[in-house]
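The values are calculated or read from the model by the stated rules, or taken from the named source; none is laboratory data. The structure displayed is predicted, hence computed values, not measured ones. Cβ sites come from the backbone with ideal geometry, for glycine too, and all protein chains shown count toward neighbours. Ligands, DNA and RNA are excluded from the accessible area calculation, which covers all protein heavy atoms including side chains. Shrake-Rupley method; radii C 1.70, N 1.55, O 1.52, S 1.80 Å.
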Amino acid sequence: MTFKKLHICLLAAIMVVGVVVTSTQAEEKVWVGLVGIMTGPNAQNGEFTRTGAQLAVDEINTAGGVKLPNGETRNLGLIVVDDQGKPDIGLNAIRKLVADERVLGFMGPDYSGITFPTLFVGEEAGVSQITSSIAKKITHSGFKHIFRGRSNDEMWIKALIDYSVGKLSKKSIGISFTNIELGRSGRDVAKAYLKDKYGIKPVVEVSHTYGDRDLTASAAKIVKANPDLLIDWGTQIEAALLIRALRNLGWQGTFAYNAADDIFTSLAKELSVGVIGPQNWVWSKDDSKTKKFVNAYESKHGKKPSPHSVIYYDAVHLFVQAISQAGPNRKAIMDYLHALEEWDGVEGSYRPSTEGGDMSTATVIIKYNEEILPVVVTEFE
Amino acid sequence: MLSQLILFGVSMGCLYALIAIGFVMIWNTAAVVNFAQGEFAMFGMFLAYTAHVMWGVPLWLSLPLAVGGTAGLGYFTERGLIRPILGSDPLSVIMVTIGLQILFSNGARVIWGTQPFHFPNFLGSNVWRIAGLLLSYQSIAIIIIMITIAVLLHILSQKTRFGKKLRAVAQDREIASLMGIKVDQTIAYGFALSAGLAGVAGVLMAPIIFVSADIGLPLLVKSFIAAVIGGFGSYPGALIGGILIGVMDNLIGFYISTDYRDVMTFLILILILLARPEGLFPHHR
Amino acid sequence: MYKRITLLLISAVLIALPWLLPPYPMQLMVFVGVFAILTLSLNLIVGYVGMISLGHAGFFLVGAYTSALLTVDFGVSFWLTLPVAAILTAIFGLCVGFPALKLSGHFLAVITIAFGLIMHVLSVNLEWLTNGISGISNIPRPSFFSYVLRTDAEYYYLVLAVLALVVMVFYQLIESGVGRALKAVREDETGAACMGINVNRVKVVSFVVSAAIAGIAGVLYAHYVRYLNPDSFTIDISIRVFIMMIIGGIGSISGSLIGAFAVYTLPEALRFLNEYYYLVFGALVVAMMLFLPGGLVSVSAAFQGKTIVHPRVLLWFSLKGGRKEDRHGRNT
């Protein structure tokens, strides 16, 4: 009895404090939200999204803030919620975000497995959502509020296959994937494209469980079929484990992977040499906007931005443009975005008015050279 | 391919076996089911990571330090947290170890972060080609170390005073104390040794599965099952059980299915248990 | 007398809760209710019969997914899916209960862990049935004729009603001959068998009933959160429920309720600690067990009647059922 009472008192006290604290934030700002994977084994990905967004927020505020159509200038605020890489947590997180009236638009999630089942929340609330998830069906399921800040997996797979089969003339292809939404979507698109355009059937198809740390059996299956090229689709941890198991078993083929970025190379180390992969963007791209962004990011964080960071950086700028043109109103912002034909960001050119919401088609294929630096081998717009 | 799979399975299985042996040792001497056994392995690998990768201490020093540190953690855990409730309601003791599992794994998360870290191979990433088989240096090292430890443990158990004390306490605590053995101290050292074994496993595992804070629980489940099929309480049983699991993982994953690998492994384990409920090497105390 | 008054007071508070609490704590209380039911189901096996189960998340899963699939894919009414899910989960309980006869102690623990893990893997991989890792979304709320239980308060009363029912059933069981039989089995299997109690039947039946109740909890869970995916049913949940039961006090009905409340709301109260909160939680569990092994119920005198945790109770550790350790550390 006493413990229960104590507990209720504690809860009440905390709630009171919470109310007081939030109500003292009376400073007027315009707010955008960010949902991402902030804790958990893949939190590095989320961290890159957050720092990318925050860089843009800081830049805007340093330059004076957001200029509203009525002439006022307000500072920009960012609310970050954690989805922990889990759909049910993500659902609650997005619900909380959207329930906050001040949030004019939000970015994320990154994981397709969280974005897809939670789309209905943003849709019902009429809030614009810019995501970095690559699974194709996110923009092909009839949701009107969603915008994708990067090329989707269909574009990536096509670019990758065109490069490796078309240009490099790889003949036998294997497919492996992590058994999550992202992986399965990639597998479906790859098989379909290989069949339709090149008439190729994969010589082996293997999946592994998310969180599994012993991929020897999967690797053995692949090595037995011995493809020239393996297309792996999943998270960085499994990919790094897989490539190590493959090399341990003597496989010499080319490893192609969807998230070939610094997180991957920090785990795979010297095994990353020769790995190719599609990306929306990479820091070694040779144009002035990229260089400027990379410098700004690096001087603040001491490391190169990931392909995710640029999406969220651009997304913040895009939202700010919408707010300054259409005003701090959810519906007005969405209408504005739907009408916007073209907008230039660091990643490339965006077309928010595209049916379904695929704003960007910028894709690069990178290959890791001897120094484990990503070299751009082809670009697609 | 088959022999390759078996070899990798054996080397991975040795690691499970090490943890399982430590687990059984704690059970035999203190009648405690140590839910935090997997965390000791995790701790070992993090100590090695901090020493070698973060601070640049050379490998030949980092590894013993890591194992020693883990053994120390085991000793202090027993003295501070287990000893007070030893002998009381066994369920309370389990709850303490469950609490410790949560404490240690989240402590590691707070200190080092949640993402996995790379740990360099001890002897380089080369593979050795022998009789048409490819073996990674790491796997060979694991098997050699395992054999060494098994021999050392045997010598310890049969020839040294400490080993005899451990066996005496395991057989009968009251009589052991009547014979002048300091039971409490022996149990504490037994804990330290068990934790140390888990630490060795963790350190050997680090280059293979990446250093991360959340591997404790899966390792615990695997080693627990290994100990049980071996016949709970038997050291050779734990060893065989661990290796069996390592090999089965690979064989089942390859020949049957990678998705259902864990399910099939469990089903086979259940069948073994139903056929022989006392385990493969029943241990009668 | 004193007990009746406290019971009345507590009931009054529980019923009035939707008026006293703001929305977010109200949502928490619904979860507390669901997990209280789950904890009670575990308590039946562990606290009363003395067996061990570390895979109750598996039963939870079966109940939740059964009801979700029936309502989403086939439009079956919630009130029909509830008994169906309970029966299906009970069948699974039967399957796990039989091996439980031959094994006990840590062997049983392994089987139950295996069960929980197998259920999880199946729910991930049987995509044609469970939609795999993407899960099932848009699970409808139950409706009374045409009135949909849309608000948190309404759902809370549903959960409260089911919980009250389960508690009453338990209470009757304990008082009756069945309860005495359970206690007899827990204390001394051989002795119980000598008294004419069919030990095997007691064990299997309690597994079946426990599973069914866990399945019911699953149904309530599914229709509240309205989105299911395999990640909500891992071994962590099994361990969490175990902790709830122990912290509350095993073998005690009120213990299970208090334990569920404490363990579920504590992380919320500790939320300001951010990434440290689970760490503190672990420390608290350890501290609890060191200083208050009888569970929270042993704190207050008012709950004495039903809370005896017999110090010699534990069959969990025996290599063969019914054995306890003597002071030599041997099995008698």
Output yes when any residue across segment A:50-59 is modelled with pLDDT under 90 and away from chain C (no Cβ under 14 Å), and no when none is.
no
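A quick yes/no check of all residues on (1) assigned by TED's automatic domain parsing to the domain that holds residue A:235; (2) not charged (D, E, K, R):
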{"site": "A:83", "(1), (2)": "no, no"}
{"site": "A:99", "(1), (2)": "no, yes"}
{"site": "A:116", "(1), (2)": "no, yes"}
{"site": "A:126", "(1), (2)": "no, yes"}
{"site": "A:136", "(1), (2)": "no, no"}
{"site": "A:177", "(1), (2)": "yes, yes"}
{"site": "A:180", "(1), (2)": "yes, yes"}
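Does segment A:116-130 contain at least one residue that is open to solvent by 10 Å² or more (accessible area, probe 1.4 Å), among the charged types (D, E, K, R), within 23 Å of residue A:31 (Cα to Cα) and in contact with a Phe, Trp or Tyr (Cβ under 7 Å, 6 or more places away or on another chain)?
Yes, the conditions are met somewhere in segment A:116-130.
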Give the residue that is farthest from residue B:202 (Cα to Cα), with candidates limited to residues of segment B:216-240 that are crowded, with 24+ Cβ neighbours inside 10 Å, within 11 Å of another protein chain (Cβ to nearest Cβ) and touching a residue at least 60 places away in the same chain (Cβ under 8 Å).
B:232
Residues being over 30 Å from residue C:291 (Cβ atoms), hydroxyl-bearing (Ser, Thr, Tyr) and surrounded by 24 or more Cβ atoms within 10 Å (Cβ to Cβ): count how many of those fall in segment C:215-249.
2
Would it be correct to say that residue C:101 is facing chain B (nearest Cβ under 9 Å), part of a helix (DSSP H, G or I), open to solvent by 10 Å² or more (accessible area, probe 1.4 Å) and of a type outside the set (Ser, Thr, Tyr)?
no
Residues that are over 25 Å from residue B:115 (Cα atoms): list the helices (runs of 4 or more DSSP H) wholly contained in segment B:1-80 that include at least 1 such residues.
B:2-30, B:59-77
Checking residue A:380 against (1) within 30 Å of residue A:142 (Cβ to Cβ); (2) open to solvent by 10 Å² or more (accessible area, probe 1.4 Å); (3) in contact with a Phe, Trp or Tyr (Cβ under 6 Å, 6 or more places away or on another chain); (4) not hydroxyl-bearing (Ser, Thr, Tyr), the condition it does not meet:
(3)
So, in segment C:200-214, how many residues would count as being open to solvent by 10 Å² or more (accessible area, probe 1.4 Å) and at pLDDT 90 or above?
4
Which residues, counting only those in segment A:207-228, are among the β-branched types (Val, Ile, Thr), open to solvent by less than 10 Å² (accessible area, probe 1.4 Å) and farther than 19 Å from residue B:8 by Cα?
none
Restricting attention to segment C:114-137, does a residue exist that is within 14 Å of residue C:52 (Cβ to Cβ), in contact (Cβ under 8 Å) with a residue 12 or more places away in the chain and within 8 Å of another protein chain (Cβ to nearest Cβ)?
yes
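Got a number for residues in segment A:339-381 being outside any loop (DSSP other than H, G, I, E, B), hydroxyl-bearing (Ser, Thr, Tyr) and over 28 Å from residue A:254 (Cα atoms)?
Step one: of segment A:339-381, the residues outside any loop (DSSP other than H, G, I, E, B) are A:339, A:343-344, A:349-350, A:355-358, A:363-368, A:374-380.
With hydroxyl-bearing (Ser, Thr, Tyr) added as a condition, the list becomes A:349-350, A:363, A:368, A:378.
Narrowing the set further to residues that are over 28 Å from residue A:254 (Cα atoms) leaves A:349-350.
Of the residues in that region, 2 qualify.
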Number of the condition not met by residue A:90 [criteria: (1) over 15 Å from residue A:143 (Cβ atoms); (2) more than 11 Å from chain C (Cβ to nearest Cβ)]
(2)
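For segment A:170-283, please list each of the strands (runs of 3 or more DSSP E) lying entirely inside it that holds at least 3 residues being more than 14 Å from chain B (Cβ to nearest Cβ) and of a type in the set (A, V, I, L, M). Reasoning before the result, please.
Values: elements: A:173-178, A:204-208, A:229-233, A:254-257, A:276-279.
Result: A:229-233.
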Condition (residue is polar (S, T, N, Q), in a helix (DSSP H, G or I) and more than 12 Å from chain C (Cβ to nearest Cβ)) applied to segment B:166-177: is it met by at least one residue?
no
(1) touching a helix residue (DSSP H, G or I) at 6+ places or on another chain (Cβ under 9 Å); (2) of a type in the set (A, V, I, L, M); (3) touching a residue at least 40 places away in the same chain (Cβ under 8 Å); (4) open to solvent by 50 Å² or more (accessible area, probe 1.4 Å) all hold for residue C:84 apart from (3)
Output for segment C:8-24, where each listed residue is more than 14 Å from residue C:161 (Cα to Cα) and without any contact (Cβ under 8 Å) to a residue 40 or more places away in the chain:
C:8, C:9, C:10, C:13, C:19, C:20, C:21, C:22, C:24
Just to be sure, is residue B:263 within 14 Å of chain A (Cβ to nearest Cβ), assigned to a helix (DSSP H, G or I) and farther than 30 Å from residue B:48 by Cβ?
yes
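Quick grid of which residues meet (1) touching a residue at least 60 places away in the same chain (Cβ under 8 Å); (2) in contact with a strand residue (DSSP E or B) (Cβ under 8 Å, 6 or more places away or on another chain); (3) of a type in the set (Val, Ile, Thr); (4) open to solvent by 20 Å² or more (accessible area, probe 1.4 Å):
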residue: B:118; (1), (2), (3), (4): yes, yes, no, yes
residue: B:152; (1), (2), (3), (4): no, no, no, yes
residue: B:174; (1), (2), (3), (4): no, no, no, yes
residue: B:181; (1), (2), (3), (4): no, no, yes, yes
Got a number for residues in segment B:61-108 being under 17 Å from residue C:250 (Cα atoms) and of a type in the set (A, V, I, L, M, F, W, C)?
6
Mind listing whichever residues of segment A:175-190 are modelled with pLDDT of 90 or more and either in contact with a Lys or Arg (Cβ under 8 Å, 6 or more places away or on another chain) or among the hydrophobic types (A, V, I, L, M, F, W, C) (or both)?
A:175, A:177, A:189, A:190
Among the residues of segment A:284-315, how many are part of a helix (DSSP H, G or I) and open to solvent by less than 50 Å² (accessible area, probe 1.4 Å)?
14
What residue, among those in segment A:124-139 that are of a type outside the set (Val, Ile, Thr) and modelled with pLDDT of 90 or more, is nearest to residue A:346 (Cα to Cα)?
A:132
Conditions: (1) over 30 Å from residue B:251 (Cα atoms); (2) in contact with a Ser or Thr (Cβ under 8 Å, 6 or more places away or on another chain); (3) away from chain C (no Cβ under 14 Å); (4) open to solvent by less than 10 Å² (accessible area, probe 1.4 Å). Residue B:70 meets all but one. Number of the miss?
(2)
Failed item in (1) over 19 Å from the mean Cα position of the chain (by Cα); (2) within 14 Å of chain B (Cβ to nearest Cβ), with residue C:145 passing the rest:
(2)
